[in-house]
Amino acid sequence: MNNNWLRHTIRSFEPYHVPEIREHTVINANESPYNIFDFPAVKAEFLKQLDQTPSYHYPDPFAEQLRAALADYVSCRPEEVLVGSGGDEIISLIVNTFVNPGDTVLIHTPTFDIYGIDAEIAGAKVVAVPDLPGYVRNQEAFLKQEKKLQPKLTFLCNPNNPTGELLPLSYVEAVLQASPNPVVIDEAYLEFAQQDSIISKLGQYDNLIVVRTLSKAFGLAGLRIGYAVAQKDVIEALSLPKLVYNLNVLSQLVGRIAMAHRDDILAHNVPPTIATREYLRNQLNALPGVTAYRSAANFVLVHVPDGPAMVQALSRADICVRFYKAADLQNCLRITATTMDVAERVAAVFQQEVSHA
Ligand code: PMP
């Protein structure tokens, strides 16, 4: 193909390449180990409602029932919620709603890659504020850039992927107050953080947009259900570039059922994940040369003396983790906290590797 056909902003992009995963224990994508259809009440209701869900109708463009259920979950009004095909679609909608070519988008680094990628596709100038040593956000420098650059859009990931760091709501508010433009707070992992959502302050900030997902704590990554929470007119703006039928009927249905059973699902899924995370962190931190950073999410970022060797050792034990090429994550592995038996296997591999080193 003639490369000149491509839109300028994506000409230097590498084709998306998903490496083949040969291992059977896959803990590289912060997925939940729990299947929602293993809850008998959820499965029964799904099968019952499936009978009344004809495939020949288009889905509801605004997923009104799911939207109302999500609004009830996060204590806001249905008009303050927009449902999409994963948090990924929501992030892309936010960028497509607000960013013109040449605008500045402020992020911190390391963080979730998609903010920078979507901003680049839109032709924005991405400014990234590096963490302090130890993967601690440089709060002061970030606020300074916020005030100086007045970016068209700001992203703060809380808790942050991949570091796990949680920022206090007082700091999130300071950023919202410093910006005259929209500020995105990505709370994809908030259910694991044991901290209130910034959504409780929605009435005070017309520039606040919160990104949430059912992929993590609810274990629905395969159904692609994400949502934005913002004041009503911002939600209406985000709907402008939205595909009309962006969330299919089956995802809308399962999302509704998940919300109807949300207390049982969260009580089942979240505490053991947090316990596994803390076990992993303590076990790995006890090893010489290994640093497992404090995390408020369902994963732990771990720095080791020889990252590629540790990834290989885990792979030989049939375990796939996330490894990074980025300079600021050298020799770091991100390990999803799933079940205790998996964490014990991970810890055993680390122990063996460290004792051989
Ligand atoms: N935000 C963050 C910080 C994430 O890590 C992810 C998924 N890895 C998402 C958003 C998007 O999740 P999904 O599209 O599955 O809802």
## Note on the structure
Straight-line reach check, residue 147, cutoff 19 Å on alpha carbons, 8 or more apart in-chain or any other chain, hits among lysines -> 125
### Query
Can you work out ³J(HN,Hα) from phi for every residue in region 288-299, in order, using Karplus 6.51 cos²θ - 1.76 cosθ + 1.60 and θ = phi - 60°, giving whole Hz and x for Gly and Pro?
x, x, 10, 10, 9, 7, 4, 9, 10, 10, 9, 8
### Task
Would you calculate, for the chain, the mean residue ellipticity at 222 nm contributed by helices, counting each DSSP H stretch of 4 or more residues as -39,500 (n - 2.57) and dividing by all residues, to the nearest 500?
-12000 deg cm²/dmol
### Message
What are the ³J(HN,Hα) couplings of region 250-262, residue after residue, when phi is run through the Karplus curve with 6.51, -1.76, 1.60 and θ = phi - 60°? Round to Hz, x for glycine and proline.
### Response
5, 5, 4, 5, 5, x, 5, 5, 4, 5, 5, 10, 4
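Give, rounded to the nearest 20 debye, the magnitude of the charge dipole that the chain has about its Cα centre when Lys and Arg contribute +1 at Cβ and Asp and Glu contribute -1 at Cβ. Numbers along the way, then the final one.
Values: 29 positive and 39 negative charges, 96 e Å.
With Lys and Arg at +1 and Asp and Glu at -1, about 460 debye.
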### Task
For residue 242, list the lysines whose Cα falls under 22 Å from its own Cα; do not include residues on the same chain fewer than 8 positions away.
152, 232
## Note on the structure
For region 3-12, Karplus-derived ³J(HN,Hα) couplings (6.51, -1.76, 1.60; θ = phi - 60°; whole Hz; x for glycine and proline) come out as 4, 5, 5, 6, 4, 3, 5, 10, 5, 8
### Summary
Amide H neighbours of residue 299 at under 5 Å, excluding residues fewer than 5 places away on the same chain, with H built from the backbone geometry, are 337
### Whole-Å distance, taken between Cα centres, linking region 1-70 and region 96-160
26 Å
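Under unit Cβ charges (Lys, Arg +1; Asp, Glu -1), what dipole magnitude, rounded to 20 debye, does region 50-260 have relative to its Cα centre? Before the final figure, lay out the partial values.
Numbers: 15 positive and 24 negative charges, 45 e Å.
Approximately 220 debye in magnitude.
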## Note on the structure
Taking placed amide H atoms and a strict 5 Å upper bound, the residues 5 or more places from residue 129 or on another chain that come that close are 107, 108, 109
### Gaussian network model of the chain, springs between alpha carbon atoms under 10 Å - residue of 104, 213, 338 with greatest fluctuation
104
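Taken together, the values in this text are just the output of simple stated rules run on the coordinates, not laboratory data. For clarity, every value in this text was computed on a predicted model and none was experimentally measured. In this analysis, Cβ positions are derived from the backbone assuming ideal geometry, glycine residues included, and neighbour counts consider all displayed protein chains.
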